[in-house]
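Mind having a look at this structure? Questions to follow.
The values are calculated or read from the model by the stated rules, or taken from the named source; none is laboratory data. All of these numbers come straight from a predicted model, not from anything done at the bench. In this analysis, Cβ positions are derived from the backbone assuming ideal geometry, glycine residues included, and neighbour counts consider all displayed protein chains.
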4 protein chains.
Amino acid sequence: MTAMQLGLVGLGKMGGNMRERIRRAGHTVIGYDRNPELADVHSLEELVGALEAPRVVWVMVPAGAATQSTVDQLGDLLEPGDTVVDGGNSRWTDDEKHAEELAAKGIGFVDAGVSGGVWGLQNGYALMVGGDTENVARVQPVFDALKPEGDAGFVHAGKVGAGHFSKMVHNGIEYAMMQAYAEGWELLEKVHSVTDVREVFRSWQEGTVIRSWLLDLAVNALDDDEHLDKLRGYADDSGEGRWTVEAAIDNAVPLPAITASLFARFASRQDDSPQMKMIAALRNQFGGHAVESAE
Amino acid sequence: MTAMQLGLVGLGKMGGNMRERIRRAGHTVIGYDRNPELADVHSLEELVGALEAPRVVWVMVPAGAATQSTVDQLGDLLEPGDTVVDGGNSRWTDDEKHAEELAAKGIGFVDAGVSGGVWGLQNGYALMVGGDTENVARVQPVFDALKPEGDAGFVHAGKVGAGHFSKMVHNGIEYAMMQAYAEGWELLEKVHSVTDVREVFRSWQEGTVIRSWLLDLAVNALDDDEHLDKLRGYADDSGEGRWTVEAAIDNAVPLPAITASLFARFASRQDDSPQMKMIAALRNQFGGHAVESAE
Amino acid sequence: MTAMQLGLVGLGKMGGNMRERIRRAGHTVIGYDRNPELADVHSLEELVGALEAPRVVWVMVPAGAATQSTVDQLGDLLEPGDTVVDGGNSRWTDDEKHAEELAAKGIGFVDAGVSGGVWGLQNGYALMVGGDTENVARVQPVFDALKPEGDAGFVHAGKVGAGHFSKMVHNGIEYAMMQAYAEGWELLEKVHSVTDVREVFRSWQEGTVIRSWLLDLAVNALDDDEHLDKLRGYADDSGEGRWTVEAAIDNAVPLPAITASLFARFASRQDDSPQMKMIAALRNQFGGHAVESAE
Amino acid sequence: MTAMQLGLVGLGKMGGNMRERIRRAGHTVIGYDRNPELADVHSLEELVGALEAPRVVWVMVPAGAATQSTVDQLGDLLEPGDTVVDGGNSRWTDDEKHAEELAAKGIGFVDAGVSGGVWGLQNGYALMVGGDTENVARVQPVFDALKPEGDAGFVHAGKVGAGHFSKMVHNGIEYAMMQAYAEGWELLEKVHSVTDVREVFRSWQEGTVIRSWLLDLAVNALDDDEHLDKLRGYADDSGEGRWTVEAAIDNAVPLPAITASLFARFASRQDDSPQMKMIAALRNQFGGHAVESAE
């Protein structure tokens, strides 16, 4: 292995752990964050100055405005031959734009979808990467440091955007898998012939068709709180699920299970459902059915 | 028209109005109800005794145990050549059973799905009828009295069960149509470029592809309560929607929109969604995502 | 009524009939179309030259590039004080852009969603309109000519974009209503207790909760072809359904029935479903289940 | 471990492998099958005669009529104190009936949902078991022989029916998980920025949130046939998915993702979709939209 130097922008929950894992593999990481307590340097300028050309700078900040602003600044600070990696949760459609803006200045661009959450430091991060072969090759030692052991966990999925697109679809699949377990759990909890739903879930961890890492996490969660009484039935969504459905619509691909999973999350966040008010109103109009008043 | 005699069992909201409409058409109706204030006679025995053979008795009581009990008693009281009509919301699978039980005693059976709600007295009741031609013919004067004016509003849909089956599918369609307007209304209310959603709905009543009686009811409801603030987003379901989906599953027919409409009602009745607790738990396990506690 | 002059660009199936209906109301319409056989003038220049200021020009061409190009040309040809109406199926997000481009030149803009199809010439066109009060007022005589008789059929829904947004939601609702009838029809056709499904549909036209103009059309279609044997189960979609779902996703509004209806259309256009190949492959992998080969 | 004797009825793909795995664990298995080439004995009578009381007989035949008939015969042949295990795919509602019928004769009953498919011989079979503690305990040595190594893979889920109910929900979850991967795969295959979808799937096997045994099988399938060109997009369903949705409907539990997965299979088996013919017919009626004729 050739030890390499990496600039890393964004040292939050994900970025901080990634810095640690890359360093353990023997590489040098210089990290910058707006929070000076987390950072190795005080500014992007200092970060760029501290790296030898050709530089590789990994951006790990929130998708949208923060990523755009960082890419813009790096475009001004870096030199031809340098490479920017966007490892955040950017929409794949942003990648082409970033690649073009940087290419105009001779700077390479690679998009990297990163999966692994809080378990990545220990188990490694799965990486889905998009970009030209040449640019990807420059970052490969860092990818090798981040990825899990074994043959899987890394793919060069295609041209710029293919990494984030693959990660987005990964998350779409994740939505429907989580929904699958959640629906099964609710049904088992509701029907009284099953005495101990948690033990049913635990039993599924070996020998079944549905064994998975998510199932292991479900058992962990039930061990903490058998009937999940401590939680509200409230689920956020983080963008990738929405983009997956939008990409499917643009391509006329039916995604009924993934979309149902997304809509279930939307509904979970409504204190009172407007559309169900209309259903109640219509039932009242034609049938004199009892309705519940808002009070 | 030949005036006929009808025994009518069940004089609630529906049955009471039907008695009135049949009488207005010149027929004789003898009504029985457990509530003596509503009834013309004091018992089923008295009802049967007051009718001349061959008798026609229309049962208009809740589906399930009440209908079964009434059919059983009429089987004991009536004579060969008499006819029972089940105009309640029975499941079509009950009809065959009732028809067989009565046929063993020489008594005819007709099932009649009735639509119209509180508007039926004035506008007429749409009728979907199942049974042998001979039995249906005996009840035809009453059907003619109940149905709306015009060519539509009555169908002899097929053999025993076909009436309630058709009415059940009618209600399944109704679920999805109501859901369609409800979804559209929520989206319009949510997006602020549209100033007055009620006026948009009102405008749709003429010239559009989606004009319908349900749309007219929606406008009535919005005229009463522009943003439906007085209602909770809580919708019951009355059986037919469930049976429609079950019939579809038995016959391998995909019903995505009708089923989605049924599930939306189920979800509307949950204060907190168990499946969404599981989603929240899983998100917390893998990503350290913030969750909302039950408190 | 004050007779007014209107320039109309696009004289296809919709535009041609609209010209006729506006003329019948006593207004002057000068129409332009790329097809000289349909047109009253030979160019947009000639059209603009033939109208007296302040001019109103109604654009009725395909959404997207054709509308953009027409708006661009009219921006160059018209004068301050003139007004452009986009009556096509443009996405509401395009309207703000067009309004800004024209406002920079002192030209007003109104977006109008138009419903009515081939029945509009006779019955009138329902109109959902967005724009400033002043601009809408200038076009009002034409709106009055196009709309159906009666109180409904026209709404000034809000600011620029609100017209097309309302029309888009109308179409989303339409998707789910059509799907509702289609699901019910398939279930009735599949289950053999119902002898004559067409007569069941016909009976629903009076007195039922689900009576509607779409139901009337369904009966017309079944009168032409009782079991729809002459048609393939293949349904296009025209953009508004997709935009409705995308708008819902952007606003975190769950639209399960409308989205299911859209996905059913997507699936109808696939000769062979890729996702079902994967299901078949997985079943084969774990269970040795029989699969069907592509041959 | 105490070696025990087991009678096993049904030696097909599942039963044959189970006999082998139980024997490897040191127990005695006497197998009966209608196919004499597979059987150890020639009749159920001979099977029962060859076992010492108290007997345990495991039934592993198709759900429905075959299981009912076998249970009936065993009820006549066995003695008080014996135990019947139904390890087939029976509906949980059948279990109570079977348990009652056998209990009247002093015979115990246990229901066992079995997962594992063609991989069970090697990896073990996951078992979800319902019944009285006493009856389950009698069969425990066989359960221990069948289950995978490790703590998971076996659960006594509750009273009679709880085993098959848990297995049914397992299969419902499986439907939605398979659908999740299938939807993601189709979307990736459709969008051209991703060069090699198979390698994306392979990369997901380590470090991702969606790693699972089903994902491993998907990679196996893609290794056999990269684009699944050899398969038709046609998927059967085996009953448990339908029963899961019906149980949910009976309990007012919304299952949008599982139900969508079931409906996608139904649709995959239709050469031409009747409901989409109706959509096409309606579009033609109101808009003069082009339709595709059946030829």
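Quick one: how many residues across segment C:140-172 are more than 7 Å from every other protein chain (Cβ to nearest Cβ) and part of a helix (DSSP H, G or I)?
The number of residues fulfilling the criteria is 12.
Scan segment A:25-37 and give yes if some residue there is in a loop (DSSP other than H, G, I, E, B) and acidic (Asp, Glu), otherwise no. Please lay out each step first, then the result.
Taking segment A:25-37 and keeping what is in a loop (DSSP other than H, G, I, E, B), we get A:25-27, A:33-37.
With acidic (Asp, Glu) added as a condition, the list becomes A:33, A:37.
Yes, the conditions are met somewhere in segment A:25-37.
Does segment C:210-229 contain any residue that is more than 8 Å from chain B (Cβ to nearest Cβ), of a type in the set (A, V, I, L, M, F, W, C) and more than 25 Å from the chain's Cα centre (by Cα)?
Checking segment C:210-229: not a single residue is more than 8 Å from chain B (Cβ to nearest Cβ), of a type in the set (A, V, I, L, M, F, W, C) and more than 25 Å from the chain's Cα centre (by Cα).
Still on this structure: Of everything in segment B:214-238, what is surrounded by fewer than 20 Cβ atoms within 10 Å (Cβ to Cβ) and touching a strand residue (DSSP E or B) at 6+ places or on another chain (Cβ under 9 Å)? Give them in sequence order.
B:ASP225, B:LYS230, B:ARG232
Need the failing condition index for B:GLY108 against (1) over 21 Å from C:THR208 (Cβ atoms); (2) at pLDDT below 95; (3) not hydrophobic (A, V, I, L, M, F, W, C), just the number.
The single condition B:GLY108 does not satisfy is (2).
In segment C:48-65, how many residues are outside any loop (DSSP other than H, G, I, E, B) and either basic (Lys, Arg) or over 26 Å from the mean Cα position of the chain (by Cα) (or both)? Working first, answer last.
Taking segment C:48-65 as the starting set, the residues that turn out to be outside any loop (DSSP other than H, G, I, E, B) are C:48-50, C:56-59, C:65.
So of that shortlist, the ones also either basic (Lys, Arg) or over 26 Å from the mean Cα position of the chain (by Cα) (or both) come out as C:48-50.
The total comes to 3.
Away from every other protein chain (no Cβ under 14 Å), buried (at least 24 other Cβ atoms within 10 Å of the Cβ) and touching a helix residue (DSSP H, G or I) at 6+ places or on another chain (Cβ under 8 Å): is that true of C:LEU127 in this structure?
Numbers: away from every other protein chain (no Cβ under 14 Å): no; buried (at least 24 other Cβ atoms within 10 Å of the Cβ): yes; touching a helix residue (DSSP H, G or I) at 6+ places or on another chain (Cβ under 8 Å): yes.
No.
Further question: Of the residues A:TYR175, A:TYR181, only one is crowded, with 24+ Cβ neighbours inside 10 Å and more than 7 Å from chain D (Cβ to nearest Cβ); which? Steps first, please.
Working: A:TYR181 fails: more than 7 Å from chain D (Cβ to nearest Cβ).
Only one candidate passes the filter, namely A:TYR175.
Please go through segment A:213-245 and give me each residue that is of a type outside the set (A, V, I, L, M, F, W, C), free of Cβ contacts under 8 Å to residues at least 12 places away in the same chain and not in a loop (DSSP other than H, G, I, E, B), ordered by number.
We begin by selecting, within segment A:213-245, every residue of a type outside the set (A, V, I, L, M, F, W, C); these are A:216, A:220, A:223-227, A:229-230, A:232-234, A:236-242, A:244.
If we keep only those that are free of Cβ contacts under 8 Å to residues at least 12 places away in the same chain as well, we get A:216, A:220, A:224-225, A:229-230, A:232.
Hits for segment A:213-245 are A:ASP216, A:ASN220, A:ASP224.
Regarding segment B:155-177, can at least one residue be identified that is under 14 Å from A:ILE279 (Cα atoms) and among the small types (Gly, Ala, Ser)?
Step one: filter segment B:155-177 for residues under 14 Å from A:ILE279 (Cα atoms), giving B:171-177.
Now drop any that are not among the small types (Gly, Ala, Ser), which leaves B:172, B:176.
Yes: segment B:155-177 contains one or more residues that are under 14 Å from A:ILE279 (Cα atoms) and among the small types (Gly, Ala, Ser).
Return the residue satisfying two criteria in turn: it lies in segment D:188-198 and is surrounded by fewer than 21 Cβ atoms within 10 Å (Cβ to Cβ) and part of a helix (DSSP H, G or I), and of such residues it is farthest from the other protein chains (Cβ to nearest Cβ).
Here the residue is D:ARG198.
For segment D:246-281, how many residues meet the condition of being free of Cβ contacts under 8 Å to residues at least 60 places away in the same chain, in a loop (DSSP other than H, G, I, E, B), crowded, with 21+ Cβ neighbours inside 10 Å and more than 8 Å from chain C (Cβ to nearest Cβ)?
The number of residues fulfilling the criteria is 2.
Here is a further query. Among B:GLY241, B:GLY287, which is the only one that is out of contact with any strand residue (DSSP E or B) (no Cβ under 8 Å at 6 or more places or on another chain) and at pLDDT 95 or above? Give the steps one after another, and end with the answer.
Details: B:GLY287 fails: at pLDDT 95 or above.
Only one candidate passes the filter, namely B:GLY241.
Here are some conditions: (1) assigned to a loop (DSSP other than H, G, I, E, B); (2) surrounded by fewer than 24 Cβ atoms within 10 Å (Cβ to Cβ). B:ILE210 meets all but one. Which one does it not meet?
In the conditions (1) assigned to a loop (DSSP other than H, G, I, E, B); (2) surrounded by fewer than 24 Cβ atoms within 10 Å (Cβ to Cβ), B:ILE210 misses (2) alone.
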